[in-house]
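A short write-up of the structure that comes next.
The values are calculated or read from the model by the stated rules, or taken from the named source; none is laboratory data. Not measured: the values here are computed from a predicted model. Cβ: placed from backbone, ideal geometry, glycine included. Neighbour counts: every protein chain shown.
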């Protein structure tokens, strides 16, 4: 059974009767009475109350005929998927004006309100006058109603936009609370992270969590798409990742996450993710599922890209991907930089992406703290690219301090 509202319409069904039908009727009756009163005053010999009653009846019946024809035509237009034509409406209003005047005249003669002999002489003049007045007044009411509808819809859109912005601001605040602090000291490591959303809610995310034996897990991810949908996927992956990583190696962690996401995500949804496990002595194990190659920076040397062999397909696309890992070791004050593709793909002023070679040139600050390093990197990247972000920027820098016992 189709549900209907109090007006008898199914939800979302368009209303056909004029929104202000009662108001238009009252205005028409008042106008007819006013014109009749003016005529009776201008012609003192004419019957006064008869003219007033007759003019009021004409206005009422003309309005009823015009609104009926408008209702029937608009209902047909909506069913046919067409926009009502002013030309057709003008013809219908003319017809309504003529029929309304004829019916009002017949009623007035029938009840003795006006003499038949007097009306026969006025008929050739009143027919075009009644039709013309009906066209003018009907089109005025129609135009007025369209303007009111547009104004009402504009106000509704503004309210919806304002409400949506408040909801997005709340979602962004909740998302920021889900992410770890931007500066963390954990054992022998200092970790800094920066997350700049292209929209209110970012599709990128990062996580830092402790593992058994004093190890530290660090992940950076980029969810396909942006907005609320990507944010929900992000929250789901972030909740599961520490649980899976606590029991498995880095490559087995990616494989387990991949199987889970293949079963849950849609055909065009995926998660690009890089995950590294850091041991207290500076050793790390890295696996990568679709993110750019991380860099080791600092130590006085040039940045070194860490390319993991094997399958690099993002999570959630195919269930039979075999992920591999690589092992390395950070020297004192070296940093491992993990980031999403929003950084190398940031557009320059000419629209072309800045690219990896140019990004490598922006990596610097050997002696800086991880936080200062990321702030400098993003500042230099902003200066070299367009002011509007095309994608989220997320970067995490992990520095080994060599103080294992801290």
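A few comments on the model shown:
- Of the candidates 328, 299, the single residue that is assigned by TED's automatic domain parsing to the domain that holds residue 205, outside any strand (DSSP E or B) and closer than 24 Å to residue 184 by Cα is 299.
- Only one of 267, 344 that is in contact with a helix residue (DSSP H, G or I) (Cβ under 9 Å, 6 or more places away or on another chain) and part of a loop (DSSP other than H, G, I, E, B): 344
- Condition check for residue 349: farther than 18 Å from residue 290 by Cβ and in a loop (DSSP other than H, G, I, E, B): yes
- Number of the exception - residue 287 against (1) under 16 Å from residue 250 (Cβ atoms); (2) out of contact with any strand residue (DSSP E or B) (no Cβ under 9 Å at 6 or more places or on another chain): (2)
- Odd one out for residue 142 among (1) modelled with pLDDT under 70; (2) over 24 Å from residue 379 (Cβ atoms): (1)
- In the stretch 200-208, the count of residues that are surrounded by fewer than 24 Cβ atoms within 10 Å (Cβ to Cβ), in the same structural domain as residue 322 (by TED's automatic domain parsing), over 21 Å from residue 323 (Cα atoms) and without any contact (Cβ under 8 Å) to a residue 24 or more places away in the chain is zero.
- A residue that is surrounded by 17 or more Cβ atoms within 10 Å (Cβ to Cβ), within 38 Å of the chain's Cα centre (by Cα) and either modelled with pLDDT under 70 or part of a helix (DSSP H, G or I) (or both) occurs nowhere in the stretch 159-167.
- Subset of the stretch 349-374 that is at pLDDT 90 or above and farther than 21 Å from residue 300 by Cβ - its residue that is surrounded by the fewest Cβ atoms within 10 Å (Cβ to Cβ): 352
- Filtered residue count, the stretch 314-323, keeping only those that are part of a loop (DSSP other than H, G, I, E, B) and either touching a strand residue (DSSP E or B) at 6+ places or on another chain (Cβ under 7 Å) or within 13 Å of residue 274 (Cβ to Cβ) (or both): 3
- For the stretch 221-246, the set of residues classified as modelled with pLDDT under 85, assigned to a loop (DSSP other than H, G, I, E, B) and either closer than 20 Å to residue 210 by Cβ or in contact with a strand residue (DSSP E or B) (Cβ under 8 Å, 6 or more places away or on another chain) (or both) consists of 224 only.
- Scan the stretch 290-307 for residues that are crowded, with 21+ Cβ neighbours inside 10 Å and more than 17 Å from residue 344 (Cα to Cα) and the total you get is 1.
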